[in-house]
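Written out below as structure tokens is the structure these notes cover.
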Amino acid sequence: MSKLLRANFARIWKSKIFWFGTVFMTALGIYFPVQNYIIMQKENRVISLDSAFFMFALVMPFILAVFCGFFIGTEYSDGTMRNKFIVGGRRTAVYISNLLSCTAAGLIMSAAYAVPYLILGVPLLGSFHSGAAGFIGILLCVTAAIEVFTAVFTLIAMLVNNKATGAVSCIIVGTLMFISGIYGGLCIRSALAAPERLSAVRRSVYEFLYDFLPGSQLIRLCNMNADRPLRMFLFSAVIIAAAAVAGVLIFRRKDLK
Amino acid sequence: MNKLLRANFTRLWKNKVFWGCIIFMVVDALNTVISQYMNFKRFGGEKEDYFYENLALGQTVAVSIIAAIFIGLFIGTEYSSGTMRNKLVIGHSRVAIYFANLAVCVAAAVMIHVTYVVTTLLSGLAMFGGIFADAGELIVLFAVSLIVVTAFAAILLPLSSLIPSKSAGVTTVIMTSFVLMMLAMVIHSALDEPEIYEAYTIIDASGEEISEPEMKNPFYVSGVQRKIYEALYDILPTCQAARIQLDDMPANPAVVPLWSSAVIILTTAAGTVFFKRKDLK
């Protein structure tokens with residue numbers, strides 16, 4: 001397992017898409033505080049450091065879709081996957097090591113946003129307004145919601161052994177998850193605004209989906225708007241676990257040729 | 001050229017992605033019309049408010065993404081399966097190959113678009129019992145939308161033709177169409193900002209009167225930047241598609257097809273020139 005991870009990390013450091021994503025996230029991490037500072041000066045109002053800190057959550061699913069699709073797809077197209085089995089890597093270990101590598105890449109790219117954001121943001125915009133507990137809660141929820149996307153992309157990329165089809169599937173599924181969450185979240189919110197018009201069953205289904213859908217979570221979390229962070233976090237954890245278990249089980253039986 | 005076209009269309013009819021796109025558009029159109037009909041039943045009002053004339057053209061922007069998926073995979077396969085080499089070996093010129101590919105991509109994009117339009121109109125006709133649109137206006141908008149969809153294909157084909165790796169090509173094409181779509185949204189909302197916030201007076205809960213004077217909108221785009229945004233709003237096909245979808249056509253609607261045609265000619269010229277020079281290995 002540790003050998004598989006080491007080999008994967010050696011590939012991450014050489015991956016152009018990884019570096020492209022990291023540079024892009026760094027650029028965003030510089031752009032937001034500077035832009036907010038300019039608006040603050042122009043309009044003479046206060047914009048807190050909190051307001052744009054979680055914006056990376058809206059970009060990460062798309063970058064991860066491309067990264068996971070290519071990073072894992074290459075294993076099939078270049079025969080890396082076969083080599084791993086020949087040297088005795090077990091399928092479960094191969095799957096988990098790939099999931100962990102994609103997770104690590106996602107965390108590094110997120111950090112590439114957060115670090116310059118804080119370095120520039122603290123002197124320009126001041127410190128955080130929200131309390132430490134609430135902030136850490138949202139940070140954990142955001143990390144889990146992004147990890148949901150990573151787990152789903154890993155599942156797709158590991159099960160589709162054509163690189164192009166895998167990459168496209170990741171992008172399409174990611175976009176659908178994202179848009180259905182945003183659109184569904186909006187519809188549900190307007191329906192929940194008049195709860196007396198909904199039947200009890202429908203209402204509980206809506207409330208469940210509102211917190212369950214990863215896109216619906218992300219769009220609220222990036223505005224630091226979470227009434228029930230623990231519930232969101234648990235839902236994300238369930239999806240991640242389900243995707244990982246399903247992925248391992250199917251991958252173990254898959255005909256890899 | 002004839003042979004190339006025939007070969008391409010034979011591949012098109014067998015292409016699963018193409019049929020997937022067509023089925024997606026049918027489902028999407030039915031979903032739109034049925035949900036509009038359910039809203040009509042639920043809230044009542046005029047049928048025209050639910051089955052309005054632009055509804056059938058309501059996915060013109062999305063066609064750019066759907067077409068991108070198709071074009072990226074369809075042209076990418078030419079490289080990965082060696083079709084491109086075969087075509088060159090039996091003596092077809094590169095220009096002919098490019099134009100035959102353009103023809104099939106345009107045809108596919110148009111068919112995907114028309115599928116949505118026709119399904120919306122027919123299912124709407126069946127459910128609402130009529131099409132409540134000025135036929136002339138609808139036909140003009142539809143004709144313009146066909147040119148815009150052609151421009152999508154013309155922009156995406158060069159990218160796909162110049163990147164020999166199928167996976168890299170298809171990702172680049174999809175991401176480019178995403179970026180073009182985002183640009184359309186950003187430009188539309190920037191140009192939509194009013195120059196001045198009107199003065200207003202409200203009475204709050206405690207009965208106190210609050211009035212705000214007229215204020216300049218800091219997000220109003222002015223000067224050179226506005227000129228650039230306005231030009232892009234005219235030129236970019238995704239912006240044009242948004243204009244059709246939002247019924248925000250310029251005073252002279254001929255501007256849209258003229259710019260689309262210019263985009264088609266330019267991208268095709270650039271595509272053929274680079275494709276001719278490309279080292280295909």
*asked:* From the list A:Thr74, A:Thr92, exactly one residue is touching a Lys or Arg at 6+ places or on another chain (Cβ under 8 Å), within 24 Å of A:Ile146 (Cβ to Cβ) and either of a type in the set (Asp, Glu) or surrounded by fewer than 18 Cβ atoms within 10 Å (Cβ to Cβ) (or both). Which is it?
replied: A:Thr92
_Among the residues of the range B:236-281, what is the count of those that are among the aromatic types (Phe, Trp, Tyr) and more than 22 Å from B:Thr83 (Cβ to Cβ)?_
1
*Go through (1) under 17 Å from the mean Cα position of the chain (by Cα); (2) modelled with pLDDT under 90 and name the single condition A:Leu192 misses.*
(1)
*Going by the conditions given, is A:Gly89 in a helix (DSSP H, G or I) and more than 14 Å from every other protein chain (Cβ to nearest Cβ)?*
no
*Out of the residues in the range B:157-168 that are within 14 Å of another protein chain (Cβ to nearest Cβ) and buried (at least 24 other Cβ atoms within 10 Å of the Cβ), which is nearest to B:Asn217 (Cα to Cα)?*
B:Ser160
*Among the residues of the range A:15-44, write down those that are under 16 Å from A:Asn98 (Cβ atoms) and away from chain B (no Cβ under 12 Å).*
A:Ser15, A:Phe18
*Filtering the range A:107-161 down to residues that are assigned to a helix (DSSP H, G or I) and hydroxyl-bearing (Ser, Thr, Tyr), which residue is nearest to A:Met40 (Cα to Cα)?*
A:Tyr117
*Among (1) β-branched (Val, Ile, Thr); (2) away from every other protein chain (no Cβ under 14 Å); (3) in contact with a Lys or Arg (Cβ under 9 Å, 6 or more places away or on another chain); (4) buried (at least 21 other Cβ atoms within 10 Å of the Cβ), where does B:Thr83 come up short?*
(4)
*asked:* Out of everything in the range B:184-210 that is exposed (fewer than 10 other Cβ atoms within 10 Å of the Cβ) and among the hydroxyl-bearing types (Ser, Thr, Tyr), what residue ends up being nearest to the chain's Cα centre (by Cα)?
replied: B:Thr201
*Between a first residue in the range A:27-41 that is free of Cβ contacts under 8 Å to residues at least 40 places away in the same chain and hydrophobic (A, V, I, L, M, F, W, C) and a second residue that is in a helix (DSSP H, G or I) and surrounded by fewer than 18 Cβ atoms within 10 Å (Cβ to Cβ), which pairs have beta carbons less than 8 Å apart while being 6 or more apart in sequence or on different chains?*
none
*Can you tell me which of A:Leu213, A:Leu198, A:Leu221, A:Leu230 is farther than 30 Å from B:Ile174 by Cβ and either of a type in the set (Phe, Trp, Tyr) or away from chain B (no Cβ under 14 Å) (or both)?*
A:Leu230
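The values are calculated or read from the model by the stated rules, or taken from the named source; none is laboratory data. Keep in mind that what you see is a predicted model, and the values were worked out from it rather than measured. In this analysis, Cβ positions are derived from the backbone assuming ideal geometry, glycine residues included, and neighbour counts consider all displayed protein chains.
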